[in-house]
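The structure appears below as structure tokens.
Coordinate-derived values only; no laboratory data. Keep in mind the model is a prediction, meaning the values are calculated, not measured. Note that each Cβ is placed from the backbone with ideal geometry, even for glycine, and that neighbours are counted across all protein chains shown.
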Amino acid sequence: MRAHALPHQRARILPTLVLLVGALYCLVPVAWVIVAATKSSAELFSTFTFTPGTGLLDNLRDLFTYGDGQFVRWAGNSALYAVAGSLASTLISTLAGYAMAKYDFRGRGVLFYAILAGVLVPGMTLAIPQYLIMSETNLVGGYGSVLLPNLISPFGIYLARVYAMASVPDATLEAARIDGASEYRIFGAIGLPMMVPGMVTIFMLHFVGTWNNFLLPYIMLSDESKFPITVGLYTLLSKGSSEPAMYGLAIVGAAVSVIPLVALLLFLQRFWRLDLLSGGLKG
């Protein structure tokens, strides 16, 4: 038994090593940011990279008092763009994905492949056309110039379609139609509750993408009071060449900006656990 178990154990060594290397690749920069956030301006450039510093509290105080609370305004703007945009985009993606999965209409295949093509287009290639469109409608510089381009998510629609096909049985919908339920009632009472775990995934992916988005708000906005955290931290870094203390503020701001993402992931994972449990019970 032991001789047969050894090859099986050896076969798992390489995947484990690959996962460990990948984990280190992802976690080392995070660890550096956390450690660097504890250092004062003098310690940041004079101590070993992963040696904790003594200036965390001072850095946090300087960050939240910078520009009469400018960082708090940036965080509020990021929350507005991410929460409002993600909620609206999740609803639109769910409606579109459900319709494409459960209704047979002319041009459905062409529309689906067009959405797949949209998934393959990098977001940065759309930034300039989106700016031109927002400029023509006089929306550049406002909150709408950042919110509106993110409402339609081809990847979110694709995920919603795949999840609707897998989680919403056609037989259940047909039974509801036989009972006389309208399509709106069927979607609201049957389809929507079944798609909640998928909607949570779409919301989380869109929230993270919007929270970390830099290029679109950088192009659209010129008023610092409307900047999200990403663009705000970039302005601090750009000032660091003449004011080295700004480097420390930018690093502490980057560390603080990760906290909402971690908190949201911990809060939403209950829905994924529920989905896995329900799937196990059905099986």
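A few comments on the model shown:
- Whole-angstrom gap from the range 88-163 to the range 172-215, using each part's C-alpha centre: 16
- Take the convex hull of the alpha carbons in the range 38-79; its mean projected area over all directions comes to 3.6 nm².
- Over the chain, dividing the summed -39,500 (n - 2.57) contributions of all DSSP H runs of at least 4 residues by the number of residues returns a 222 nm mean residue ellipticity of -24500 deg cm²/dmol.
- On Cα atoms only, tilt of 154-167 relative to the major axis of the chain in degrees: 40
- Counting only aspartates and glutamates at least 8 places from Lys102 when in the same chain, those with an alpha carbon closer than 19 Å to its own are Asp170, Glu174, Asp179, Glu183.
- Mean projection area, nm², convex hull over Cα of the range 131-243: 9.9
- About the centre of its Cα atoms, the chain shows a dipole size close to 940 debye [charges on the beta carbon of Lys, Arg (+1) and Asp, Glu (-1) only; nearest 20 debye].
- Over the range 208-270, volume per residue of the alpha carbon convex hull, in Å³: 84
- Straight Cα distances below 16 angstrom link Lys226 to the aspartates and glutamates Asp68, with same-chain residues fewer than 8 positions distant left out.
- Simple label model, 7 Å out from Cα along Cβ direction - Ala117 to Asn212, nm: 2.8
- Fluctuation leader among Thr65, Thr230, Thr125 - the chain, Gaussian network, Cα springs under 10 angstrom: Thr125
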